[in-house]
There are 6 protein chains.
Amino acid sequence: MQRIDNRLEDELRPITIQKQFTDKTPGSVLISAGGTMVLCTASLSDKLPPWMDPEDGRGWITAEYNMLPGSTSPRKKRERDGKVDGRTSEIQRLIGRSLRAVVDLERLGPRMLTVDCDVLQADGGTRTLSITGAMIAMLDALHSIPEFAGLTPGEERFPLKDYVAAVSVGLLEKTPLLDLCYQEDFAADVDMNVVMTGSGKFVEIQGTGEEATFDETELVQLLQLAKKGIRELIELQADTPHKVS
Amino acid sequence: MQRIDNRLEDELRPITIQKQFTDKTPGSVLISAGGTMVLCTASLSDKLPPWMDPEDGRGWITAEYNMLPGSTSPRKKRERDGKVDGRTSEIQRLIGRSLRAVVDLERLGPRMLTVDCDVLQADGGTRTLSITGAMIAMLDALHSIPEFAGLTPGEERFPLKDYVAAVSVGLLEKTPLLDLCYQEDFAADVDMNVVMTGSGKFVEIQGTGEEATFDETELVQLLQLAKKGIRELIELQADTPHKVS
Amino acid sequence: MQRIDNRLEDELRPITIQKQFTDKTPGSVLISAGGTMVLCTASLSDKLPPWMDPEDGRGWITAEYNMLPGSTSPRKKRERDGKVDGRTSEIQRLIGRSLRAVVDLERLGPRMLTVDCDVLQADGGTRTLSITGAMIAMLDALHSIPEFAGLTPGEERFPLKDYVAAVSVGLLEKTPLLDLCYQEDFAADVDMNVVMTGSGKFVEIQGTGEEATFDETELVQLLQLAKKGIRELIELQADTPHKVS
Amino acid sequence: MQRIDNRLEDELRPITIQKQFTDKTPGSVLISAGGTMVLCTASLSDKLPPWMDPEDGRGWITAEYNMLPGSTSPRKKRERDGKVDGRTSEIQRLIGRSLRAVVDLERLGPRMLTVDCDVLQADGGTRTLSITGAMIAMLDALHSIPEFAGLTPGEERFPLKDYVAAVSVGLLEKTPLLDLCYQEDFAADVDMNVVMTGSGKFVEIQGTGEEATFDETELVQLLQLAKKGIRELIELQADTPHKVS
Amino acid sequence: MQRIDNRLEDELRPITIQKQFTDKTPGSVLISAGGTMVLCTASLSDKLPPWMDPEDGRGWITAEYNMLPGSTSPRKKRERDGKVDGRTSEIQRLIGRSLRAVVDLERLGPRMLTVDCDVLQADGGTRTLSITGAMIAMLDALHSIPEFAGLTPGEERFPLKDYVAAVSVGLLEKTPLLDLCYQEDFAADVDMNVVMTGSGKFVEIQGTGEEATFDETELVQLLQLAKKGIRELIELQADTPHKVS
Amino acid sequence: MQRIDNRLEDELRPITIQKQFTDKTPGSVLISAGGTMVLCTASLSDKLPPWMDPEDGRGWITAEYNMLPGSTSPRKKRERDGKVDGRTSEIQRLIGRSLRAVVDLERLGPRMLTVDCDVLQADGGTRTLSITGAMIAMLDALHSIPEFAGLTPGEERFPLKDYVAAVSVGLLEKTPLLDLCYQEDFAADVDMNVVMTGSGKFVEIQGTGEEATFDETELVQLLQLAKKGIRELIELQADTPHKVS
């Protein structure tokens, strides 16, 4: 099958990662995959969410997702009327869960880490690229805390237990494809977002056939593709040099 | 593993289905699974959503989900302040997609079918039971349309191509369990909602490890359990006698 | 005058009362009068409203009213956009005042009792049936408090001083009618909701002539009808056996 | 019983009525009763509410009620956060129904008349004084329509069939009182708002015993007092000279 | 140039000031300039805004601005849907800043002074007349505090350092005009609002050419006109006798 | 006076301008001045605002302004709760007016041009830099319309009549300074935003002394500084090569 951008069926789009793109937050990453570009900033605060007991010693990680009006054509209306739409809310909950799955909230201590994923340009896969970029911004923010400086994911005292990344896969005319761009995503019968750790464990699988279905064989093929893509993304994450303050 | 209600690991909770529970909508089903009880009503209208072209001839199916304040303890605040929360929005989008996956919207014709799933009592699995009940309410609503009276899912002229049902599965202390009640759901490391058709195809898989992960072997075990449960649920759906007006 | 459902002018619709319909709240009553069906659940909490002084020792009783979308045809839009409409707000304030009129808030102690009245099916008289049902759910909730178990309305130590029930009356083509169904209510020139106690005292009278008026003779006739109906309703309330936990 | 302002039990507070207080609307009345002052402006428009059929030939009358922040002490927060509170909504619905009860909407023709009642100073009885003042502003607005100029309430071609006015009555320590000021209203056991026409017919009776009840004898006494007060108010309304443009 | 109301180019509209127009707030001023009429009420409270440290000893002054629906023709919709529009918000921020510019917040002490400017009738210049009236209401409110009774603006212990007033100026067909009425404002190419103190210092200059521009010479002419007008307004403010309680 | 970043009193911060930073909108400019960075995207649409008559032939230009949460420290809460705050609303109205002042809306034709200014990093002067950047994005968007391709501001057939740019000036310890960074802006007694055209005409002057005032001499000094800065900014705008599609 000929893909619109001539990629192989199991090929990721070209990824660029620019750390410290802005300087007001301890983590700030501009990440792009083909025509999708997301600015991920990670902020730290001592103010825990109201439902947490500050005496408890645990921290919390949350995420917000937003598409800038100019990130799509036609222009996307801002979500300012008090109704964060269902899709936005679903995505930011997914990003938050994905990040928390690889963090030991007790080791984090009574801190609130918020990652903002603002999509500057959208061409498919914005939620998965947000997770992949948010992971790096989160790592930089953790390194900005003196007691965690220089530690790496998986080290005993470090709250980050493992890397995490995400990718979309889908079935287009029965062919399983990795990392769908917008036009592929639009045409796909089945769309699946997979979030995995550096050690190859699943964090989330969200497979959905809008007006379609899929069988077990197809499921297995899609998961294999996702695994390959996520392995490559985590290598890129780990290769990006740590921010030195 | 001893389950809290003495069920086997692969055993559904007892299901009751009461059709025509109320009489203002063409479909109305009170469904319960153990301590979870949902009222599903299906309404028909000629008014399509604004983004659809009424000339186009296609119809649409949507769903709303809501928990009554008295369905849980402590009492759940009503979502009346203009902010439908993320969980609610996510669930009603899932129910809508699941129903649409088994309907031919062209055969449905320019009609709007809305299924309301109001949880009267909540004890885990409210979203999956909503899908299972909504399917029956939708079937009754379709039968109330004269041209579709008496047809069955899969018949050529009938918009409903297949049955659809859903169930939750999860990993609790590494043991895969079918149809989690609230206490099990709360304690589970991994929680997965599976939506399948009568012919055994996946419609949705949503597996999530909040602060946990799962590997491929566990994934396969969970999907097998879900399949067994959904097969039994679809038998119950098909056994419920059609509403005779 | 021939009524649409062949009732006498001073005849109530058939009433059914099902206690403990759900099990998450100390009071839960499914009440129906003809085609109107309301689920009343009564919850208890230690959290008083912010304007009350918890040191004061008094409790509070409040009510919320809601019509499920499928309770009417055409389907009723959910009140989720942050604007509880005037009618809803007026009704739930009326229910709350009616319940508080028969409760000694000091004897209740620093407790918050919330009664939720969710209309499952609407055929006129939803606000008055809500009051009649809410009274029973409130009684059960009070009985769930150990120090009040087994006491009856009017007993010295019991916060409930008397029973309370409500009914609608109206003038249809100059004829006074008891307990209007939707079609009668729609056609009536004058509509009056009356709330009374077991000892025959008025709690609320809300008589309104939308684009019409009424004179004193008619007022007296309407109040007599209401009295008769409420007497019968309170007998039914008192006959419903207490919930035994 | 000695009233706080030395009035007799059946005595109204002094009333002042200033027509054409502002000049942007066809009706504009500043009315005060003791320490309560309300600005009632009546606007006309050709734009009917969306639920009305403009072909139908009928008009509509609606009202809005609002208390200015400086009308009470402590200052009242503006209702700007999208939640018109229950009390406000209840009052403006009452004002609208009261006005419509004396208007023939067909004779009015396809016109929208909106009366705004803005309370500049509040000392009890704001809702009843709003009705009494709104009536005069409405009359002036009707007179501004050339075909109705110079006609009086009750004349055949005039949409206004009769005068309408309102007053509050209440039981304070078992004594029935007319036209309660704020301190009396606050202390009263039973509070009743009565709306009547010039010909002595009831339009609305809203009697309520917050944490109290009342019997039939008391009801009769309260209604007699209200009648007396409303008769005097309607004389004042009729005496106010018509606006001459 | 012939002005619509025959004023000279540098002539203010006739001003009337009525103090103690209402009696629930320590300051209450009804001010009018030609056809524009604003009710300014000043309330005092001990409750500082949440972002202030009450230990700090400083106070705060804020303002709210609102146009009553009947103040314009056609009727202005109330801002009740949770969205205070941009113009309203801009104006009330301007009024607040203007008042704070002449107050020593430390001398004021830990008090919150809120000035509400409700426009009863609008004919241009509502924001500047609000500032001029709010100043007088604020002065009365300050005098109601025992320790400040009888002091005058500029006296050492008095928080009010100077008078403040505002006026609009504009370019209409290249002619600079003082105190624009609505029709002039609508037609003007350049519109400028100027806020000045009694000692002739600028507090705010907001000059704007909607679809137009202006050069330095014109700027100087406009500022001269504004100065003249404000001098006259401040004389009127100072002449209004102090409220004697 | 020693400025925090060693600039001269009349020196702008270093400016960088990156056109076509994103590719979904006809205009897209990433502009930075010192530590302030704004992404300006200009979108075109055929959908005019509802209050415009599409038959009229005129177009419209509007702007939205937003600060990303990570653009400041501490993190800025998103404006998602339905309440666009006063400052935001004021700024986006200013940007819109400034752009419209240099456009001939009739020559533009029935088109809607929306410029979104999203602040990625904030260090003072975000509103003025937004105007300066929005001008360039608007120019590129106009060039993307075939009939205007290659034309320059001021050419007869081109809707853009002139360049427009903006800068902030202020009084810090009585010294007039050009282009204030955040720390200077925070400490300044008087803050003034000036918007001017390429031909040196004023579009907007907004001078404000929060808890301070300024005299005419200071006003003249501030305007001189602003003029110098804007002249330099407009040279930079004109030097940025046009986007070639």
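The values are calculated or read from the model by the stated rules, or taken from the named source; none is laboratory data. Note that the structure is a prediction, hence the values are computed from the model and not measured. We place every Cβ from the backbone using ideal geometry, glycine too, and count neighbours over all the protein chains shown. Areas reflect the complete protein model, heavy atoms only, side chains present, ligands, DNA and RNA absent. Shrake-Rupley method; radii C 1.70, N 1.55, O 1.52, S 1.80 Å.
Structure notes:
- Of all residues in the stretch F:23-36, exactly one satisfies the criterion of being within 7 Å of chain A (Cβ to nearest Cβ) and either part of a strand (DSSP E or B) or within 14 Å of the chain's Cα centre (by Cα) (or both), namely F:S28.
Condition check ((1) out of contact with any Gly (no Cβ under 8 Å at 6 or more places or on another chain); (2) over 25 Å from A:I61 (Cα atoms); (3) not in a strand (DSSP E or B)) across all residues:
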{"residue": "A:I4", "(1), (2), (3)": "yes, yes, yes"}
{"residue": "A:L8", "(1), (2), (3)": "yes, yes, yes"}
{"residue": "A:R13", "(1), (2), (3)": "no, yes, yes"}
{"residue": "A:I17", "(1), (2), (3)": "no, no, no"}
{"residue": "A:C40", "(1), (2), (3)": "no, no, no"}
{"residue": "A:L44", "(1), (2), (3)": "yes, no, no"}
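- Test result for E:T16, within 8 Å of chain D (Cβ to nearest Cβ) and more than 23 Å from D:R75 (Cβ to Cβ): no
- When C:L48 is tested against (1) in contact (Cβ under 8 Å) with a residue 40 or more places away in the chain; (2) farther than 17 Å from B:S71 by Cβ; (3) surrounded by 19 or more Cβ atoms within 10 Å (Cβ to Cβ); (4) not small (G, A, S), exactly one condition is not met: (3).
- Meets criteria (touching a strand residue (DSSP E or B) at 6+ places or on another chain (Cβ under 7 Å) and on the phi > 0 side of the Ramachandran plot) for F:G125: yes
- Taking residues in the stretch F:70-87 that are among the aliphatic types (A, V, I, L, M), and partners anywhere that are at pLDDT 80 or above, the pairs with Cβ atoms closer than 8 Å and at least 6 places apart or on different chains are F:V84/A:R80; F:V84/E:G86.
- Single match in D:V220, D:V195 (criterion: within 14 Å of chain C (Cβ to nearest Cβ), in contact with a helix residue (DSSP H, G or I) (Cβ under 7 Å, 6 or more places away or on another chain), over 21 Å from D:R3 (Cα atoms) and not small (G, A, S)): D:V195
- Restricting attention to the stretch F:52-100, the residues that are small (G, A, S), facing another protein chain (nearest Cβ under 7 Å) and assigned to a helix (DSSP H, G or I) add up to 4.
- Within the stretch C:52-75, not a single residue is modelled with pLDDT under 95, open to solvent by less than 50 Å² (accessible area, probe 1.4 Å) and closer than 30 Å to B:S45 by Cβ.
- Taken residue by residue, the stretch E:224-232 has no member that is at pLDDT below 95 and either open to solvent by less than 50 Å² (accessible area, probe 1.4 Å) or assigned to a helix (DSSP H, G or I) (or both).
- One residue from B:V203, B:V195 being within 29 Å of B:R78 (Cα to Cα), part of a strand (DSSP E or B) and among the β-branched types (V, I, T): B:V195
- The set of residues in the stretch F:38-64 being farther than 11 Å from F:C117 by Cβ and either under 23 Å from the mean Cα position of the chain (by Cα) or of a type in the set (K, R) (or both) consists of F:S43, F:L44, F:S45, F:K47, F:L48, F:P49, F:R58, F:G59, F:W60, F:I61, F:T62.
- Residue check, D:E210 at pLDDT below 95, part of a loop (DSSP other than H, G, I, E, B), over 20 Å from C:E216 (Cα atoms) and within 14 Å of chain C (Cβ to nearest Cβ): yes
- Restricting attention to the stretch B:189-211, the residues being under 22 Å from A:S98 (Cβ atoms), of a type in the set (G, A, S) and open to solvent by 20 Å² or more (accessible area, probe 1.4 Å) number 0.
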